[in-house]
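The values are calculated or read from the model by the stated rules, or taken from the named source; none is laboratory data. All of these numbers come straight from a predicted model, not from anything done at the bench. Here the Cβ positions follow ideal geometry from the backbone for every residue, glycine too, while neighbour counts run over all protein chains shown.
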Amino acid sequence: MTTIEPDLENWIRHIEDGVREELINTCSDDASHDIGHLQRVSALSRQFAKAESGNELVVYAAGMLHDIVNLPKNHPEAYKSSLLASIRAKELLTKWNFPENLIANICHAVHAHSFSANIETETIEAKCLQDADRMEALGAFGLIRTFYVSGKLGTQLMDEKDPIGLSRKLDDKTFALDHFEQKLFTLQRTMKTKEGTKTARSLSLFLEEFRNGIVEDLLKGNRSSGRFVIADTYYLAGQKKLSLFHLEDPFAEKDRNVDPEQYGLDGLLGSCDGYIRLFKDQLRFELNGYALTK
Ligand SMILES: [Fe+2]
């Protein structure tokens with residue numbers, strides 16, 4: 001078979017247009033897996049692939065397609081999402097006349113990225129995608145996505161009588177805070193790239209400090225703490241199906257109106273609370289690509 005020399009920049013434009021069209025056609029309204037998530041995971045996968053000598057086009061395409069099918073977390077077949085996404089990815093790539101010799105690697109990466117699919121990553125590209133996607137479950141992103149999904153599914157923020165599950169079984173399908181211990185804290189040990197491993201450690205620490213802090217606030221009866229405000233803001237954003245933040249101008253630094261009825265983060269922009277400021281700095285660091293390139 002003749003190997004087609006792919007033109008990376010052309011393909012990036014082509015894939016982005018195709019994915020946008022697919023999201024419109026499927027009426028996707030899940031802000032925790034929106035085009036912004038796909039773009040950030042793709043960009044980070046490319047950074048990891050550069051460092052690990054992986055194929056940048058493969059990880060870019062896999063990043064843009066990895067959540068192209070994403071069943072809600074409470075769907076009985078949610079564990080099949082990444083398999084279904086890999087099947088749809090193959091259909092789309094074929095329709096776009098994508099270089100055929102790269103498609104199997106992309107589909108494997110898409111299938112293997114998911115925590116619940118629980119299959120081994122067999123290529124460096126699959127490892128890069130999996131690490132990049134897991135980074136968005138950690139740090140400030142991890143916080144906002146956890147509470148957003150909780151609001152969307154109508155689960156509870158936490159078990160106020162036993163918030164860390166000292167005398168009960170953890171259950172993240174009922175309590176959002178249980179998700180930290182049950183899944184998020186375990187992710188740093190699953191990282192497979194050098195850059196991913198290094199950064200995931202600090203992001204996990206950020207989450208741990210948040211979890212411990214909000215439990216302390218709860219015990220002190222401080223329900224108006226910065227941590228509670230963040231959790232409540234994103235819980236409400238999930239209930240109302242708002243966007244997590246304005247994709248082009250998250251911190252409203254250019255010329256736009258702040259609109260908390262449309263963007264979750266906008267509800268926090270005016271706050272002078274010390275913890276909320278720290279959270280916003282952390283989110284900025286993550287939005288800037290974790291400053292992996294110095
Ligand atoms: Fe994802």
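Annotation for the stretch 47-63: at least one member residue is of a type outside the set (Phe, Trp, Tyr), within 12 Å of the ligand (Cβ to nearest atom), at pLDDT 95 or above and closer than 30 Å to Thr155 by Cα. Any residue at all in the stretch 192-199 that is in contact with a Gly (Cβ under 9 Å, 6 or more places away or on another chain) and over 22 Å from Ser116 (Cβ atoms)? Taking every residue of the stretch 192-199 in turn, at least one turns out to be in contact with a Gly (Cβ under 9 Å, 6 or more places away or on another chain) and over 22 Å from Ser116 (Cβ atoms). Listed by first and then second residue, the pairs with beta-carbon distance under 6 Å, at least 6 apart or on different chains, first residue in the stretch 58-86 and of a type in the set (Phe, Trp, Tyr), second within 11 Å of the ligand (Cβ to nearest atom) and not in a loop (DSSP other than H, G, I, E, B), are Tyr60/Ser42.
Given the condition within 16 Å of the ligand (Cβ to nearest atom) and closer than 18 Å to Glu286 by Cβ, answer yes or no: does some residue in the stretch 175-182 qualify? No: the stretch 175-182 contains no residue that is within 16 Å of the ligand (Cβ to nearest atom) and closer than 18 Å to Glu286 by Cβ. Take the stretch 231-261 and flag every residue that is touching an Asp or Glu at 6+ places or on another chain (Cβ under 9 Å), among the β-branched types (Val, Ile, Thr) and closer than 18 Å to Thr146 by Cα. Residues satisfying the conditions do not exist here.
Only one of the numbered conditions (1) in the same structural domain as Arg189 (by TED's automatic domain parsing); (2) surrounded by 22 or more Cβ atoms within 10 Å (Cβ to Cβ); (3) not acidic (Asp, Glu) is not met by Gln156, and that is (2).
Kindly evaluate Ile35 against the criterion of being away from the ligand (no atom under 11 Å from the Cβ) and under 18 Å from Arg20 (Cβ atoms). I'd like the intermediate steps shown before the answer.
Values: away from the ligand (no atom under 11 Å from the Cβ): yes; under 18 Å from Arg20 (Cβ atoms): yes.
Against the criterion (away from the ligand (no atom under 11 Å from the Cβ) and under 18 Å from Arg20 (Cβ atoms)), Ile35 qualifies.
Pairs are defined by a Cβ separation below 8 Å, a sequence spacing of at least 6 or placement on different chains, a first member in the stretch 24-42 that is without any contact (Cβ under 8 Å) to a residue 40 or more places away in the chain and within 16 Å of Lys152 (Cβ to Cβ), and a second member that is within 10 Å of the ligand (Cβ to nearest atom) and among the acidic types (Asp, Glu); the pairs so defined are His33/Asp67. Among residues of the stretch 133-156 that are closer than 18 Å to Leu265 by Cβ, those with a beta-carbon under 7 Å from a residue that is away from the ligand (no atom under 14 Å from the Cβ) and assigned to a loop (DSSP other than H, G, I, E, B) at least six positions away or on a different chain give the pairs Thr146/Ala176; Phe147/Ala176; Ser150/Leu157; Ser150/Ala176; Lys152/Lys241. For the stretch 87-120, the candidate set comprises residues that are more than 16 Å from Leu57 (Cα to Cα), modelled with pLDDT of 95 or more and within 19 Å of the chain's Cα centre (by Cα); within that set, the residue that is surrounded by the fewest Cβ atoms within 10 Å (Cβ to Cβ) is His111.
Can you pull out every residue in the stretch 252-272 that is surrounded by 16 or more Cβ atoms within 10 Å (Cβ to Cβ) and touching a helix residue (DSSP H, G or I) at 6+ places or on another chain (Cβ under 9 Å)? Spell out how you get there, then give the answer.
Step one: of the stretch 252-272, the residues surrounded by 16 or more Cβ atoms within 10 Å (Cβ to Cβ) are 252, 260, 263-269, 271.
Hits for the stretch 252-272 are Ala252, Pro260, Tyr263, Gly264, Leu265, Gly267, Leu268, Leu269, Ser271.
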